[in-house]
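Chemist: Pasting in a structure now, in structure tokens, and then I'll have a few things to ask.
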Amino acid sequence: MKYISFAIPCYNSEAYMEKAINSILVGGEDVEIIVVNDGSKDGTQEIAERYQEKYPTIVKAVAKPNGGHGDAVNCGLAHATGKYFKVVDSDDWVDEEALLKVLDTVKGFVKDESEVDMVIANYVYEKVGMTHKKVIRYDNVLPENQIFKWEDIGHFRLDQYILMHSVIYRTEMLKLCQLELPKHTFYVDNIYVYYPLPHVRTLYYMNVDLYRYFIGREDQSVNEKVMISRIDQQLFVTKKMISMYELRLIGSKKLRKYMVNYLAIMMTVSSILCIRSKKKENLEKKKELWAYLKKKDYRTYMKIRYGILGQTMNLPGRSGRRVSSLAYTVARRLIGFN
């Protein structure tokens, strides 16, 4: 039996993908590593096949035409046979000691026939040039080492939201909720985390630093200049998330609040990128985004627009935009991304 299927989406990843694969191999026969080659033009496929040949019962080398990160995740999920499913990007890796602890916990779920839908663990920013590694943990907001529900969660800080790095889903639950990420689109990891939330009934938090999130490559999708150049994709993902649910119909009050706040962060990131691009057409796109939210979900619009983030992102005039941009710069340093 495979307890966790790890999907590693790869696109021209020959320079760093082996570190990701090697870090998971410590799980031995308890894990399944699905290396998805998303139409790479370098030696990615050869490396994947070499690992598959060496570890035929652990590693699957899957080649597909280029469809983007989300499509590679879809492919990994389609090939997954493990009880649980986790995505590890090809330039990231997992902590081996923490992985073994997570595996022991998952084995316990299977043995006890406990259907835990979402397992959450900490992640670490492995940022280039930073000696102090920022760890995102959830011990102040989630009960530790016990199965709980949405009503048991506390208040998340802005830098503390559940990301693809911190989440492990029950594979069957992901398949049943029919998660399918858009092709040829960046930033779909937000959809990956957001869309399944109402389908998650039970959660479990482990206070271990499992995921190592490498950040600092010039071409990385979270580099600010790259994000501004891809503003249309950021806006597309944000709109997609807005249209997924009418949040007033979400049964759990705490889950509903969490999802509203998640959308508020997405609106903030989209807005500030439009502002920092300093292009008139992008300022129009920012207005159109807020109008889209207002039309789709008026209640959620009012909560976000007149909350602290919404007000900061919509200060009038050039001086207002300058304040918004400054607020983003401060937040970026506090949170530690791009």
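Chemist: Within segment 168-179, track down each residue that is assigned to a loop (DSSP other than H, G, I, E, B) and surrounded by 14 or more Cβ atoms within 10 Å (Cβ to Cβ).
Modeler: Those that are assigned to a loop (DSSP other than H, G, I, E, B) and surrounded by 14 or more Cβ atoms within 10 Å (Cβ to Cβ): CYS177, LEU179.
Chemist: Report every pair of residues separated by at least 6 positions or lying on different chains whose Cβ atoms are under 7 Å apart, first residue within segment 285-300 and more than 14 Å from TYR245 (Cβ to Cβ), second part of a helix (DSSP H, G or I) and polar (S, T, N, Q).
Modeler: LYS286/SER271; LEU289/THR238; LEU289/SER270
Chemist: Which is open to solvent by 30 Å² or more (accessible area, probe 1.4 Å) and closer than 26 Å to TYR3 by Cβ, of GLU115, GLU151?
Modeler: Answer to the selection: GLU115.
Chemist: Would you mind finding the one in PRO198, PRO143 that is within 18 Å of the chain's Cα centre (by Cα) and of a type outside the set (Asp, Glu)?
Modeler: Only one candidate qualifies: PRO198.
Chemist: Determine whether TYR306 is in contact with a helix residue (DSSP H, G or I) (Cβ under 7 Å, 6 or more places away or on another chain) and at pLDDT 85 or above. Break it down stepwise before answering.
Modeler: On the way: in contact with a helix residue (DSSP H, G or I) (Cβ under 7 Å, 6 or more places away or on another chain): no; at pLDDT 85 or above: yes.
Spelling it out, it is not the case that TYR306 is in contact with a helix residue (DSSP H, G or I) (Cβ under 7 Å, 6 or more places away or on another chain) and at pLDDT 85 or above.
Chemist: Among the listed residues TYR192, TYR262, identify the single one that is outside the structural domain of GLN311 (by the TED database) and not aliphatic (A, V, I, L, M).
Modeler: TYR192 is the lone residue from the list that is outside the structural domain of GLN311 (by the TED database) and not aliphatic (A, V, I, L, M).
Chemist: Output the number of the condition that SER13 fails; it satisfies all remaining conditions of (1) under 25 Å from LYS101 (Cβ atoms); (2) open to solvent by less than 60 Å² (accessible area, probe 1.4 Å).
Modeler: Status for SER13: all satisfied but (1).
Chemist: Follow-up question, since we're still on this one. Consider VAL88 carefully, then state whether it is under 16 Å from the mean Cα position of the chain (by Cα), of a type in the set (Val, Ile, Thr) and assigned by the TED database to the domain that holds GLY27.
Modeler: Yes.
Chemist: Could you look through segment 42-79, keep only residues that are charged (D, E, K, R) and within 24 Å of the chain's Cα centre (by Cα), and pick out the one that is most open to solvent (accessible area, probe 1.4 Å)?
Modeler: Restricting to residues being charged (D, E, K, R) and within 24 Å of the chain's Cα centre (by Cα), the top hit is LYS60.
Chemist: Let me spell it out: the conditions are (1) open to solvent by less than 20 Å² (accessible area, probe 1.4 Å); (2) in contact with a strand residue (DSSP E or B) (Cβ under 8 Å, 6 or more places away or on another chain); (3) of a type outside the set (Ser, Thr, Tyr); (4) at pLDDT 95 or above, and ILE136 meets all of them except one. Which number is the exception?
Modeler: (4)
Chemist: Could you list, in sequence order, all residues of segment 124-141 that are outside any strand (DSSP E or B) and not hydroxyl-bearing (Ser, Thr, Tyr)? Reasoning before the result, please.
Modeler: To start, the set of residues in segment 124-141 that are outside any strand (DSSP E or B) comprises 128-133, 137-141.
Passing the criteria: VAL128, GLY129, MET130, HIS132, LYS133, ARG137, ASP139, ASN140, VAL141.
Chemist: Say we look at segment 78-123 and pick out the residues that are assigned to a helix (DSSP H, G or I) and aliphatic (A, V, I, L, M); which of these is farthest from VAL59 (Cα to Cα)?
Modeler: VAL110
Chemist: Somewhere in segment 155-167, is a residue crowded, with 21+ Cβ neighbours inside 10 Å and either basic (Lys, Arg) or in contact with a Gly (Cβ under 9 Å, 6 or more places away or on another chain) (or both)?
Modeler: Looking for residues that are crowded, with 21+ Cβ neighbours inside 10 Å and either basic (Lys, Arg) or in contact with a Gly (Cβ under 9 Å, 6 or more places away or on another chain) (or both), one finds none in segment 155-167, hence no.
Chemist: Condition first: open to solvent by 40 Å² or more (accessible area, probe 1.4 Å) and within 30 Å of LYS225 (Cβ to Cβ). Now tell me which residues in segment 247-264 satisfy that.
Modeler: Across segment 247-264, the qualifying residue is only ASN261.
Chemist: So which residues in segment 215-246 are aliphatic (A, V, I, L, M), open to solvent by less than 20 Å² (accessible area, probe 1.4 Å) and modelled with pLDDT under 90?
Modeler: ILE215, MET227
Chemist: Same structure, new question: Out of GLY39, GLY28, I need the residue that is more than 18 Å from the chain's Cα centre (by Cα), small (Gly, Ala, Ser) and within 30 Å of GLN234 (Cα to Cα). Which one?
Modeler: Every option except GLY39 fails the conditions.
Listed here are the residues, each with its yes/no results for (1) assigned by the TED database to the domain that holds LEU235; (2) at pLDDT below 95; (3) outside any helix (DSSP H, G or I); (4) among the hydroxyl-bearing types (Ser, Thr, Tyr).
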position: CYS274; (1), (2), (3), (4): yes, yes, no, no
position: LYS286; (1), (2), (3), (4): yes, yes, no, no
position: LEU289; (1), (2), (3), (4): yes, no, no, no
position: TYR292; (1), (2), (3), (4): yes, no, no, yes
position: VAL323; (1), (2), (3), (4): yes, yes, no, no
position: TYR328; (1), (2), (3), (4): yes, yes, no, yes
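Chemist: Let me ask you something else. Answer with yes or no whether ILE275 is of a type in the set (Val, Ile, Thr) and farther than 30 Å from GLY39 by Cα.
Modeler: Working: of a type in the set (Val, Ile, Thr): yes; farther than 30 Å from GLY39 by Cα: yes.
So ILE275 fits the description; yes.
The values are calculated or read from the model by the stated rules, or taken from the named source; none is laboratory data. Please read these numbers as outputs of a predicted model, since none were measured by experiment. No Cβ is skipped: glycine too gets one built from the backbone with ideal geometry, and neighbour counts run over all protein chains shown. Each accessible area value is taken on the protein alone, full model and side chains, heavy atoms only, with ligands, DNA and RNA left out. Shrake-Rupley method; radii C 1.70, N 1.55, O 1.52, S 1.80 Å.
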